[in-house]
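The values are calculated or read from the model by the stated rules, or taken from the named source; none is laboratory data. All values derive from a computational prediction rather than experimental measurement. Don't worry about glycine lacking a Cβ; one is built from the backbone with ideal geometry, like all the others, and counts go over all protein chains shown. All accessible areas refer to the heavy atoms of the entire protein, side chains included, with ligands and DNA or RNA removed. Shrake-Rupley method; radii C 1.70, N 1.55, O 1.52, S 1.80 Å.
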Amino acid sequence: MAGICGWVGEAAGNRAQTAATVRAMAARLRHRGPEAEKFYRGDGAVLGWRSSQPPAAKPMAAPAGGGAGDAVIAFCDGEVHNAAELRQDLLARGHRFRGEDTGELLVHLYQQHGESLPRHLEGSFAFALWDAPRRSLLLARDRFGVKPLYYAARRDGLSFASELGALRADPGWDDAWDWTALDLYLQMDHIPAPYSAYTGARKLAAGHVLRWRPEGLRQFRYWFLPERLEARAEEIALGRPGPVTDAEQEEELWVRLRAAVRRRLTAEPVGLVLNGGLETAAMLALMREARAGAVHTFAVGAAQRSSRLSAARRLARRLGAEHHELRLRPEALAAAWPAIAASGGEPLGDARAVPLYLLAQAARPRVAACMVAAGALELLAGRPEHAALALAHGADRLPRLRRGAAAVGHMELWPPRGPRPWSGRVLRFRRSLALPPAQRMAAWCTAFNREQRRRLWRRAVWPVAGRELLAAIAAEWPQADWLNRTLYCDLRLRVGDGSLATLDRMTMAHGLEARAPWLDTDLALFLFSLPGRHKLRHLRGMHLLRRAVRGRLPAAVRRSGGREFSLPLGAWLRGPLRRLAQETLAGGALDAELDRDVVAMMLRHHWSGQADYSRQIWNLMVLAQWMAAARDQRRDAPAARALPSAA
């Protein structure tokens, strides 16, 4: 529950000016940590940190020194869940601690392990570590990308921050938009690492370390899932076998999930975002098992009759939770979304952002952190498209069906798809059949395909195809079966900088910490070590979890499967949100960049019921709102004097 920022380089020698810049950056992170702030000023570096809890209660990232005073200092956003074990190991090696601070732990780990220290951390974190004697800065991000981290490198130094908006407080900021990144946004509803919305900044990828020194930058991956799975296979070959029978695998899943949940239960109040699905039901059962008191659960859904809200309510009642519901109306969405769309510094087209934002707002007065099921559907093959991809995989044996699918791929650019979301899914499935297996997930991930984007843009944009990114990720793990390779791509590309970015921005807007036990390293490695048939069987996902909860959860809950937040966005954009969509997409910043006729055609088809373009319309609405806000900030920004150059 924090935010970090800073500047290192030659310009940091002008301490007063650089300190003012870093203070301005930290002020833009106040929503991540409204209770406290700390700063470090040294020769060549100024670092800042904000926290949602007073340092006296929990100094998550206060400056901490090692054996040489404050020669090494670390600031951390997030949590290290194996901190107690690491501390005990370091004490046994002769290290001495002054307190319980995470920053101090990172310093001692650095003294013990050097730049490989992130390999030893389990948790959701992003940290900055400054080694003053070596004039070296380390930036690192957790293995799956729960916590964000951006940086901007220039010849005279480097600035960094938890959010892109904070980097804009740097007077030397390059405000030019990155059109390749924005083209990726149109494809995927988010901008994947290493891109950002601005040419002057980059997003540190999950599982990576960036080292800055005056002589240059070095970036390396410290954690690679396929590599760790190979090491696990070697352990099994050396006589340390894992679970073999179905019953052993089911028990192993439950044991590892229990450990992951308990690692994330702390003394402070911890709630649960409950969606009524099997993945959150299992988490609630384990939280009730570990805690004597009531667990606060939170659910959100549309104001009209919602099966998801009803399922969550029944589940909370059965398992003895103290349940809270938020019923979302279109007018609440309309009021909240402009600020949400412009937050975080770059567009994020995930429509679940609004209900998450309002849910976090309602939960924060009652709990300090919330468990979420992020990553569960990707690890357990719980999405509908995973079953569709299994069908496509089977269709590879039917050449005539593949030839028919290839013809579908050459259909008209904007084919009428019917007003129902499932009609679009049918067309996506047929189109996916024409693609190579490694690229099929792109048919489900992509909002706008290459030809659609070419028609939309009014400028020349150098495209990076999402299907090419997927193929490159799939190639990282060639020995996996097709389903595990697909789930790995899904986890890397859609979760890491997509749904996890939505989760971080919306919860941290209210100082609420989100904890994702399904993304626990031990649990994820175990699930990826199993063949795909243990997750998806007879076109039903989450097979292993369904069997693991037998005797632990009611039969009705076991049948529920996985669930996600969903809103009747298509109906709302035809009804109560129609005017909002029309006003947002008419004129302004978007008109200068996108073809107005193409946008108008999409709106007409959606409003008439010829097609369901709710995802595409929302994507463009968020982009338009972000562009307008970014341009307003340019006009409102005071004339800034650049930091001194090293030249």
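Data for the structure
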item	result
Failed item, numbered, when Asp178 is tested on (1) buried (at least 18 other Cβ atoms within 10 Å of the Cβ); (2) closer than 25 Å to Ser51 by Cα; (3) of a type outside the set (Ser, Thr, Tyr)	(2)
Count of residues meeting criterion [without any contact (Cβ under 8 Å) to a residue 60 or more places away in the chain and among the small types (Gly, Ala, Ser)] in the stretch 118-160	2
Residues located in the stretch 444-465, provided they are open to solvent by less than 20 Å² (accessible area, probe 1.4 Å) and over 10 Å from Leu186 (Cβ atoms)	Cys445, Ala465
Test: residue in the stretch 136-145 that is within 17 Å of Val46 (Cβ to Cβ), at pLDDT 95 or above, open to solvent by less than 10 Å² (accessible area, probe 1.4 Å) and in contact with a Gly (Cβ under 7 Å, 6 or more places away or on another chain)	no
Looking only at the stretch 151-175, and only at residues there that are charged (D, E, K, R) and assigned to a loop (DSSP other than H, G, I, E, B), the one that is most open to solvent (accessible area, probe 1.4 Å)	Arg155
Any hit, the stretch 305-322, residues being outside any helix (DSSP H, G or I), in contact (Cβ under 8 Å) with a residue 24 or more places away in the chain and in contact with a Ser or Thr (Cβ under 8 Å, 6 or more places away or on another chain)	yes
Residues satisfying the stated conditions in the stretch 575-631, i.e. among the charged types (D, E, K, R) and assigned to a helix (DSSP H, G or I)	Arg578, Arg579, Glu583, Asp591, Glu593, Arg596, Asp597, Arg604, Arg615, Arg631
From the options Ala556, Ala589, residue that is surrounded by fewer than 19 Cβ atoms within 10 Å (Cβ to Cβ) and over 27 Å from Asn275 (Cβ atoms)	Ala589
Lone unmet requirement of (1) modelled with pLDDT of 95 or more; (2) in a strand (DSSP E or B) for Gly301	(1)
Selection within the stretch 452-467 - out of contact with any Leu (no Cβ under 6 Å at 6 or more places or on another chain), modelled with pLDDT of 80 or more and not in a loop (DSSP other than H, G, I, E, B)	Gln452, Arg454, Arg455, Trp457
Residues located in the stretch 271-291, provided they are modelled with pLDDT of 95 or more, part of a helix (DSSP H, G or I) and farther than 19 Å from Arg559 by Cα	Met287
Per-region count, the stretch 224-251, residues modelled with pLDDT of 75 or more, open to solvent by 60 Å² or more (accessible area, probe 1.4 Å) and within 30 Å of Arg141 (Cβ to Cβ)	3
Cβ-Cβ under 7 Å pairs, at least 6 apart or on other chains, the stretch 466-493 side touching a residue at least 24 places away in the same chain (Cβ under 8 Å), far side in a loop (DSSP other than H, G, I, E, B) and among the polar types (S, T, N, Q)	Gly466/Thr446
Residue under evaluation Ala509, criteria (1) out of contact with any Pro (no Cβ under 9 Å at 6 or more places or on another chain); (2) open to solvent by 20 Å² or more (accessible area, probe 1.4 Å); (3) under 25 Å from His208 (Cβ atoms), criterion not met	(3)
Count - residues of the stretch 320-356 that are touching a Phe, Trp or Tyr at 6+ places or on another chain (Cβ under 6 Å), open to solvent by 20 Å² or more (accessible area, probe 1.4 Å) and farther than 22 Å from Arg308 by Cα	1
Test set (1) among the hydroxyl-bearing types (Ser, Thr, Tyr); (2) touching a Cys at 6+ places or on another chain (Cβ under 9 Å); (3) at pLDDT 95 or above - Thr102 fails condition number	(3)
Top-ranked residue of the stretch 357-367 - restricted to ones that are assigned to a loop (DSSP other than H, G, I, E, B) and open to solvent by 10 Å² or more (accessible area, probe 1.4 Å), ranked as nearest to Trp618 (Cα to Cα)	Arg364
Leu265 within 23 Å of the chain's Cα centre (by Cα) and either over 18 Å from Arg550 (Cα atoms) or surrounded by fewer than 24 Cβ atoms within 10 Å (Cβ to Cβ) (or both)	yes
Near pairs, Cβ below 8 angstrom, 6+ apart or cross-chain, from the stretch 368-392 (among the basic types (Lys, Arg)) to any residue that is not in a loop (DSSP other than H, G, I, E, B)	Arg383/Leu377; Arg383/Asp490
Some residue of the stretch 185-194 being open to solvent by less than 20 Å² (accessible area, probe 1.4 Å), touching a strand residue (DSSP E or B) at 6+ places or on another chain (Cβ under 8 Å), over 19 Å from Leu491 (Cα atoms) and modelled with pLDDT of 90 or more	no
Residues located in the stretch 532-545, provided they are on the phi < 0 side of the Ramachandran plot and open to solvent by 40 Å² or more (accessible area, probe 1.4 Å)	Arg533, Arg537, Arg540
Yes/no for Leu389 being under 28 Å from the mean Cα position of the chain (by Cα), modelled with pLDDT of 90 or more and under 27 Å from Thr521 (Cα atoms)	no
Any hit, the stretch 476-498, residues being under 27 Å from Tyr613 (Cβ atoms) and part of a loop (DSSP other than H, G, I, E, B)	no
Selected residue [open to solvent by 70 Å² or more (accessible area, probe 1.4 Å) and at pLDDT 95 or above] from Arg202, Arg218, Arg258	Arg218
Any hit, the stretch 487-502, residues being among the polar types (S, T, N, Q) and closer than 21 Å to Phe298 by Cα	yes
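Per-residue answers, yes or no, for (1) touching a Ser or Thr at 6+ places or on another chain (Cβ under 6 Å); (2) over 17 Å from Tyr488 (Cβ atoms); (3) part of a loop (DSSP other than H, G, I, E, B):
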{"residue": "Thr507", "(1), (2), (3)": "no, yes, no"}
{"residue": "His510", "(1), (2), (3)": "no, yes, yes"}
{"residue": "Ala514", "(1), (2), (3)": "yes, yes, no"}
{"residue": "Trp518", "(1), (2), (3)": "no, no, no"}
{"residue": "Leu523", "(1), (2), (3)": "no, no, no"}
{"residue": "Phe526", "(1), (2), (3)": "no, no, no"}
{"residue": "Arg533", "(1), (2), (3)": "no, no, no"}
{"residue": "Arg547", "(1), (2), (3)": "no, yes, no"}
